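The values are calculated or read from the model by the stated rules, or taken from the named source; none is laboratory data. All figures in this text were calculated on a predicted structure; none of them were measured in a lab. Glycine gets a Cβ as well: all are built from the backbone with ideal geometry, and neighbour counts include every protein chain shown. Surface areas here come from the heavy atoms of the whole protein model, side chains and all, with no ligands, DNA or RNA. Shrake-Rupley method; radii C 1.70, N 1.55, O 1.52, S 1.80 Å.
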Amino acid sequence: MQPVTALPGFDRLLEVCRRRAHPFKLEPPLAPGGSVETSVAGQPMDAQLAAVHARVGYLWVRDELYLFPERHERRPDLHRVNEYWRSDWAEPFGSLLVFAKDDRLAYCYATVPGLVSGKEPQPVVWVDVYEALYAVPVASSIDQFFDTYASHLEAATDGDEDEPLLRTFPWSASEVIARDRALVERIRAGHFDFLMQANARAREWVERLVRTSVRR
């Protein structure tokens, strides 16, 4: 049996979707109550990600993101996506563990196994694959990512219904992401520099993120 791990951030994202009547879809795991594999394409499976997959087989939030199922016959799944990712991208990006994708575009969400030791949670980055590959940090853990996204979605759905809503994550979510103190400390320590050195926009945005955190 998979150990029970609390996922308050994941639960909050589902609650926000329900309360705001934002369309989403949940599917049960293929083997409810069963164990989740401990590695993905040669990288260690994050404990929080394993806990999510022990609870759900698939999560889709319309116009926002979807979670790759652990294993699936028809959909792109966690293992196949990461096997392809390893063969397609050079280091340091080849060692990321991709777990979710933007619902509309090719942007991905991934953990960074190389930034942890032991049983620490793996931090989460948003990955742009359209031009020169780069990534920006968005959460200190998988569950914090879901909590941050819940806050972003909640803020994005406020306001006049006749006005277009801004839902460009992470660029329009600086205020929310800056609340993640553990992430900001890692940014200040330079832990993510190797993933965004080639992109000036990414570096400038992260600098603003840190300044936003200081002002809070």
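Going from most exposed to least, what order do 119, 101 have by accessible area with a 1.4 Å probe?
Highest to lowest solvent-accessible surface, that is 119, 101.
Pick from 19, 62, 179 the residue whose mean-square fluctuation is largest in a GNM of the chain, springs joining Cα atoms under 10 Å.
19
So what's Rg/Rh here for segment 70-162, counting alpha carbon atoms and using the Kirkwood radius for Rh?
For segment 70-162, the value is 1.01.
Tell me, what is the 1.4 Å probe accessible area of residue 38, in Å² to the nearest 10?
Rounded to the nearest 10, that gives 110 Å².
Over segment 45-118, with a single point scatterer placed on each C-alpha, what log10 of the ratio I(q)/I(0) does the Debye formula yield at q = 0.16, 0.18 1/Å?
-0.58, -0.74
Ordering 107, 149, 58 from largest to smallest accessible area (1.4 angstrom probe), what's the sequence?
Largest accessible area first, the list is 107, 58, 149.
Tell me the relative contact order for the chain as a rounded percent, counting alpha carbon contacts under 8 Å between residues six or more apart.
Averaging sequence separation for qualifying contacts and normalising by length gives 17 percent for the chain.
Placing unit charges on C-beta atoms (Lys and Arg positive, Asp and Glu negative, everything else neutral), compute the dipole magnitude of the chain about its Cα centre in debye, rounded to 20.
340
For the chain, what is the calculated [θ] at 222 nm in deg cm²/dmol (nearest 500), taking -39500 (n - 2.57) for each run of four or more DSSP H residues and dividing by its residue count?
-10500 deg cm²/dmol
With no solvent and one equal point scatterer placed on each C-alpha of segment 1-95, evaluate the Debye formula and give log10 I(q)/I(0) for q = 0.12, 0.20, 0.25 Å⁻¹, two decimals.
-0.43, -1.07, -1.34
Between residue 181 and residue 63, what is 0.36 nm times their sequence separation minus the Cα-Cα distance? Round to one decimal in nm.
Extra length from residue 181 to residue 63 when fully extended: 39.7 nm.
What accessible area, in Å² to the nearest ten, does a 1.4 Å probe give for residue 187?
My reading of the accessible area for residue 187 is about 20 Å².
What is the distance in Å between the Cα centroid of segment 44-76 and that of segment 83-128?
14
Size of the dipole of segment 52-156 about the Cα centre, Lys and Arg at +1 and Asp and Glu at -1 on the beta carbon, nothing else charged, in debye to 20?
Around 340 debye, computed over segment 52-156.
Taking R0 as 22 Å, what FRET efficiency do you get between residue 131 and residue 168 from their Cβ-Cβ distance, rounded to the nearest 0.05?
Approximately 0.85, to the nearest 0.05.
At 1.4 Å probe size, what's the solvent-accessible area of residue 60? Round to the nearest 10 Å².
70
Extent of segment 95-136 along each principal axis, from alpha carbon coordinates, in Å, largest to smallest?
Projected onto the principal axes, the Cα atoms of segment 95-136 cover 34, 21, 14 Å.
Using only the heavy atoms of the protein chains and a 1.4 Å probe, how would 186, 74, 104, 208 rank by accessible area, largest first?
Of 186, 74, 104, 208, the descending order of accessible area is 74, 104, 208, 186.
Let me see the P(r) profile for the chain: every Cα-Cα distance counted, bins of 10 Å, each bin given as a percent of all pairs.
Over the chain, the share of Cα pairs per 10 Å bin runs 8, 35, 39, 17, 2 percent.
At a 1.4 Å probe radius, carbon and sulfur cover how many percent of the accessible area of the chain?
For the chain, the apolar C and S fraction of the accessible surface comes to 51 percent.
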